[in-house]
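The values are calculated or read from the model by the stated rules, or taken from the named source; none is laboratory data. If you're wondering where the values come from, they're calculated on a predicted model, not measured in any experiment. So basically every Cβ, Gly included, is an ideal-geometry build from the backbone, and we count neighbours across all protein chains shown.
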Ligand SMILES: [Zn+2]
């Protein structure tokens, strides 16, 4: 069964008390050009960022600015932008890394396997034929790698070209 977002990509945050710290809140205040974050695009209601613990190269997340856990709490405007940003994320990834396919979705609630279940986020994972055995190698401490920054900068450029 394919379940990248059940992986321990987010386990490094487990020591942070869920209610004290939200890893997604406040990220949008950071500058896209800052190498200390992986934001590739800021929309009106949502932003797009690379996953620090990617299932695959180019693993993106589309995240509403609002701190909410339940899908049905999203406004129609937020939902529309999520769908739109997903479309342009697919286009951007196709332009830079030519995936063969994509998985797109969210885990809604802890029982569904959400790593960060208090702040809803959508995963877009590029897939290639034969990548099913791919598993990320996770260390104790993950820093933003050069490879991730290269991918980030390419995606930032792609989103600029879309003039959203
Ligand atoms: Zn939050």
Restricting segment 19-76 to residues that are within 30 Å of residue 131 (Cα to Cα) and out of contact with any strand residue (DSSP E or B) (no Cβ under 9 Å at 6 or more places or on another chain), the one farthest from the ligand (Cβ to nearest atom) turns out to be 35
In the list 150, 143, 116, which residue meets the criterion of being surrounded by fewer than 15 Cβ atoms within 10 Å (Cβ to Cβ) and either within 16 Å of residue 48 (Cβ to Cβ) or modelled with pLDDT of 80 or more (or both)?
150
Residue 37 being assigned to a loop (DSSP other than H, G, I, E, B), modelled with pLDDT under 90 and touching a helix residue (DSSP H, G or I) at 6+ places or on another chain (Cβ under 9 Å)
no
